[in-house]
1. Which condition does Lys136 not pass, out of (1) surrounded by fewer than 15 Cβ atoms within 10 Å (Cβ to Cβ); (2) over 30 Å from Arg67 (Cα atoms), if it passes all the others?
2. What tally of residues in the stretch 499-543 results from selecting those that are in a helix (DSSP H, G or I), among the hydrophobic types (A, V, I, L, M, F, W, C) and under 25 Å from Phe553 (Cα atoms)?
3. Could you tell me which of the residues Pro666, Pro708, Pro646, Pro632 is closer than 24 Å to Val741 by Cα, touching a helix residue (DSSP H, G or I) at 6+ places or on another chain (Cβ under 6 Å) and either surrounded by 23 or more Cβ atoms within 10 Å (Cβ to Cβ) or of a type outside the set (Gly, Ala, Ser) (or both)?
4. Would you please list the contacts, defined by Cβ atoms under 9 Å and residues six or more apart or on different chains, that run from a residue in the stretch 45-57 that is part of a loop (DSSP other than H, G, I, E, B) to a residue that is modelled with pLDDT under 95 and among the charged types (D, E, K, R)?
5. Just checking, which of Glu267, Glu276 is crowded, with 21+ Cβ neighbours inside 10 Å and out of contact with any Phe, Trp or Tyr (no Cβ under 7 Å at 6 or more places or on another chain)?
6. Looking at Lys469, Lys444 in this structure, which one is surrounded by fewer than 17 Cβ atoms within 10 Å (Cβ to Cβ) and in contact (Cβ under 8 Å) with a residue 12 or more places away in the chain?
Amino acid sequence: MKLNYSLKSKISFISFIIIAFTSCKNQDKSIDIDTVKSEQVIDYAAKVYPLLDTENSRWFFFSSANRPFGMVNLSPDTQIGGAWGSGYRYKTDTIKGFSHIHAWQMSGISVMPVTISDDSRKSIYKDFYSQFNHDKEQITPGHHVLELERFQIQTELTSTKRVGFHQYTFLKNTKPSILFNLNTILGPCVNSGGLLELNNGNELSGSVVMEPTSRRPKPLTVYFKVKLNTEITSIAQDEETKNYLVNLKNTQDKVLMKVGISYTSIENADINIDKELPHWNFEAVVEQSKKEWNSLLSRIQVKGGTEKDQTRFYTDLWHALQGRRIISDINGAYPDNTGEKFRIGQLPLDEAGVPKFNHYNSDSFWGAQWTINTLWGLAYPEIMEDFVHSLMQYYKDGGLIPRGPSGGNYTYVMTGASSTPFIVSAIQKGIIQNDLEYIYQALKKNHLIDGIMGKSGYEHNTNLGGGLKYYINNGYVPYPLPDGRFGIHEDGASMTLEYAYQDWTLAQLAKKLNHIEDYDYFIKRSKNYQNVYDAETTWVRPKNIEGVWKKDFDPYQVENGFIESNSAQSTWFVPHDLSGLAELMGGKESAVKKLNYQFVKAEDLNFAAGTSHSVETHPEYSRVPINFGNQPSIQTSFVFNQLNRPDLTQYWTRKVIEKTFSGLSPATGYNGDEDQGLMGSLNVLLKMGLFQMNGGTEENPEYQIGSPLFEEVNIKLHPDYYSNSIFTIKAKNNSTSNIYVNQIKFNEQPIENYKIDHNAIISGGELNLEMSNKPNKK
């Protein structure tokens, strides 16, 4: 099925310039550097395949009518109950509404255009679902078109950052209406207290309460303003469902509806509409959305490979640029739920009165060290800077830097202090240059008692589940914890590995700021991984508070001391000291032999634990030695580079790309948990042939060179952060058989160790790789 589609009408140049200025002047340096160049010859947005992996979708996974990181992520829902198996599920042929919010632990404002008759006027509140046909569906980034077959309504969706824009074509001589399904379970949470009131002949306003979840423990209200281009004849509320039916004047014209949202007030929702969408030109917004996506997707331009390879690459890149969503209004107001009472915060403004950054809702940064750390830090530094400022705003408000905030509050999702590598990487790359001492002290707090490292998954009211006191005093987190259970993921072996790595990254910032005692302290803690390595079995192994190794130990048994992984996968989670790990294993040759054997065995299961996150604990999948479907072992193909076997990095990375990350259908895609851009970012990096083992957290961060999938990769460097030039990777004689890199030159100078540093890359230039079908044994 072809997903790209042509616009039905062209807009004038003047109209387009007005729309572009209105939509973009408030936000995103990312747009500015590309739109001014008028070089969008290739439509990169048209290369995106939005239906990837949608049979395995979860609430926030699928996107269509949204902008990069938009507060609004407007798309159809075919399943609405629960965070998993909900949202847009490709195999479900029934539309249950169009929701404006698909975010981490957040959902809301579901609407449905309907036509009513005298017989259906009362039943429509419950009976409004409609089948649709994929053959009549068209999806591109920022635009979704489908037909509601039951009502024969042609539905089109698009959006700005904070405003959903609907276009409905009703049959002639029908009674057009719009149902607001405001009191329902929707994805991860229940929507309740939904209110809708008529303001005038074509405007409505309302609010919905997103009830607490086990992950997001406080309620959050979303406010919204609705504006229509046609007259509202009446509005009615159903006594049983408490939902609303808005009846419209019978019209032969297309019905247009704007829905602006805000987490602070109806007034700010109205302002968001006025600033971002002051007109009614639907086609112009579709075009501007396409232009914004192209401005970001074109930062990385690839040549060569198959058409399928390029489509999958830009689909992965598209996923890397969304999922984590803006929660601040266009004027900088934002919801702060970090204290005892809810408050409306205000982001700092620049001299022009524009917010200096956006505030975000975000799933965990757990695993970001191998994904968005590198991709955003290289190609999208303005995005990385925005997120660092947002994380620090949470610290200013609530006293802790979060690892995954939702609803303006902490969720304590996953474990550890996963934001530390992300922020340290931004500093080491020169993206963040101010207030470094303040940032360091904030990060350090998370690594000490009563910091976020002491909390296990979703541990809201205590600080014991993370086992941090044992890690500090005993050198490891015991399994099981003798204190009891306070959250989830209380898996001591994985916690020890994670904390040790994060301590090492914090030590690098301590060193940069000349905190020598702190540096020595955290470097010593970073060696704690050694305390859970069992020399007898040659695996990382859980042990209890008495120091006794876990009995009946099986390195392929999932969890049981390991977070979303097994020992075979997690033993290699020592990205900061792989040489030290290899020594424990008897040397680099022994370590290479061990890891290579794991890859040979993992190939039989396509290097993943099934096709989705929901099945990876099933017995037939869970015993995979290496799992590229979840974060704990996605770095492993590049471990060989650190063990002096770059040829094995090249070989196995190409195998992983081929077997795990080349699918292009609704049935496959990430073979696990995409987690808001993490796996999309990973795929982009693997296919470009660049990786950062320690997340880019050392001074002048190092990139490891792999085996790029394409003949040429061009990365446009952001002139506000780096040189105003291009970094190019050329792979001569590249093919599916020529996967080995035999010679490397950067700007005509030889590189011997398959590594290149950050300062060299951001100065621009050309990295030339000589590809061959035989490995370089030197």
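The values are calculated or read from the model by the stated rules, or taken from the named source; none is laboratory data. On a predicted model such as this, the values are computed, not experimentally measured, just so you know. Cβ sites come from the backbone with ideal geometry, for glycine too, and all protein chains shown count toward neighbours.
1. Here Lys136 meets the rest and fails (2).
2. The qualifying residues number 2.
3. Unique residue meeting the criteria: Pro708.
4. As it stands, the answer is Asp53/Glu674, since those pairs meet every condition given.
5. Glu276
6. Values: Lys444 fails: surrounded by fewer than 17 Cβ atoms within 10 Å (Cβ to Cβ).
Lys469 is the lone residue from the list that is surrounded by fewer than 17 Cβ atoms within 10 Å (Cβ to Cβ) and in contact (Cβ under 8 Å) with a residue 12 or more places away in the chain.
One line per residue, one yes/no per condition, for (1) free of Cβ contacts under 8 Å to residues at least 24 places away in the same chain; (2) crowded, with 21+ Cβ neighbours inside 10 Å; (3) farther than 16 Å from Arg67 by Cα:
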| residue | (1), (2), (3) |
| --- | --- |
| Trp293 | no, yes, no |
| Leu297 | no, yes, no |
| Val302 | no, yes, yes |
| Asp309 | no, no, yes |
| Ile326 | no, yes, no |
| Asp329 | no, yes, no |
| Tyr334 | no, yes, yes |
| Asn337 | no, yes, yes |
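Condition check ((1) over 25 Å from His319 (Cα atoms); (2) assigned to a strand (DSSP E or B)) across all residues:
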site	(1), (2)
Asp135	no, no
Ile139	no, yes
Leu146	no, yes
Gln154	yes, yes
Thr158	no, yes
Lys161	no, no
Gly164	no, yes
Gln167	yes, yes
